[in-house]
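Encoded as structure tokens, the structure appears first; notes follow it.
The values are calculated or read from the model by the stated rules, or taken from the named source; none is laboratory data. Just so it is clear, the structure is predicted and the values come from calculations on it, not from any experiment. When we count neighbours, we look across all protein chains shown, and the Cβ atoms used for this are built from the backbone with ideal geometry, even at glycine. Ligands, DNA and RNA are stripped out before the accessible areas are found, and what is left, the full protein with its side chains, is counted by its heavy atoms. Shrake-Rupley method; radii C 1.70, N 1.55, O 1.52, S 1.80 Å.
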Amino acid sequence: MRLDKFLAHANYGTRKEVGEIIKSGRVTVNDKVIKTRKEKVKDDDYVEVDGYKVVLEGFMYFMLNKPKDVISATESYEHDTVIDLIDHPQYRELFPVGRLDIDTTGLLIITNDGKLSYQLLNPKKDIFKKYYCKLKNDVTKSDVAFLETGIPLKDFTTKPAKVEVINDDEVYLSISEGKFHQVKRMFKYLNNEVLELKRVEFGNLQLDDALELGEYRRLTEEEINNLKNLI
């Protein structure tokens, strides 16, 4: 990563401001004065400003609009991961809160706050996740009744879901669990097939419409506090 971006992530100012800091000779990398902002730094480099070690961030919180063909994991030998999309010097500390299937898009929280992640995924909290579902067949009133009562899958019966019908073959489905392929399995039980699945909400956090697939942004302080208030 470029030195100016590294220092900006460490809250030493904007890219322009840290450029001036570097130019003035106040920055050393492994005890060597560096005056070019394009200097590349590695994870194990020792960076100082004015003789003080640069300490990067504590807890970090990002909202990612997950694209298809990227897996919700921290590492993989076969596929790109959601962490590969995050350009940050501390990316190795980050992990996704829960998972979305490889062909599912939408809202994914990326953080290094293990306590918050654990609480948000705790089934006892009943925190709902909302999905946009495009289906092969129309959804009937009977289907809605089943979904809102609970679907008896092979290994468990789902808790009552919330259903908002958009069109005959499009619904918003909100569930409080997050079992493997759960939404797809629920509609398969109803002899239907999910053609497109996108998570649009996690608790009180909504996917930012301004984020294109593969893009991310930091959560605001208000959004972070709202999530913490859920637990």
Inset, instruction - Among residues belonging to the stretch 117-149 that are hydrophobic (A, V, I, L, M, F, W, C) and within 13 Å of PHE202 (Cα to Cα), point out the one that is surrounded by the most Cβ atoms within 10 Å (Cβ to Cβ). - result: LEU120
Inset, instruction - Among the residues of the stretch 79-124, write down those that are more than 14 Å from the chain's Cα centre (by Cα), over 24 Å from ASP43 (Cα atoms) and not polar (S, T, N, Q). - result: ASP103, LYS115, TYR118, PRO123, LYS124
Inset, instruction - For PRO160, work out the one condition from (1) modelled with pLDDT under 95; (2) open to solvent by 50 Å² or more (accessible area, probe 1.4 Å); (3) in contact with a helix residue (DSSP H, G or I) (Cβ under 7 Å, 6 or more places away or on another chain) it doesn't fulfil. - result: (1)
Legend entry - Residues satisfying the stated conditions in the stretch 199-224, i.e. open to solvent by 80 Å² or more (accessible area, probe 1.4 Å), over 19 Å from ASP101 (Cα atoms) and more than 13 Å from the chain's Cα centre (by Cα): ASP209, GLU221, GLU222
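Rundown of residues vs (1) over 30 Å from SER174 (Cα atoms); (2) touching a strand residue (DSSP E or B) at 6+ places or on another chain (Cβ under 7 Å); (3) of a type in the set (Val, Ile, Thr), yes/no style:
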{"site": "ASN30", "(1), (2), (3)": "yes, no, no"}
{"site": "LYS38", "(1), (2), (3)": "yes, yes, no"}
{"site": "GLU48", "(1), (2), (3)": "yes, yes, no"}
{"site": "GLY58", "(1), (2), (3)": "yes, no, no"}
{"site": "THR104", "(1), (2), (3)": "no, yes, yes"}
Inset, instruction - Please give the number of the condition ASP155 fails out of (1) open to solvent by 40 Å² or more (accessible area, probe 1.4 Å); (2) touching a Pro at 6+ places or on another chain (Cβ under 6 Å); (3) of a type outside the set (Ser, Thr, Tyr). - result: (2)
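Starting from residues that are assigned to a loop (DSSP other than H, G, I, E, B) and open to solvent by 60 Å² or more (accessible area, probe 1.4 Å), keep the ones in the stretch 180-198 and report whichever is modelled with the lowest pLDDT.
PHE180
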Legend entry - Residue in the stretch 132-147 that is in contact with a helix residue (DSSP H, G or I) (Cβ under 6 Å, 6 or more places away or on another chain), at pLDDT 95 or above and either within 19 Å of LEU173 (Cβ to Cβ) or assigned to a helix (DSSP H, G or I) (or both) present: no
Legend entry - Which numbered condition GLU177 misses (of (1) outside any strand (DSSP E or B); (2) among the charged types (D, E, K, R); (3) at pLDDT 95 or above): (3)
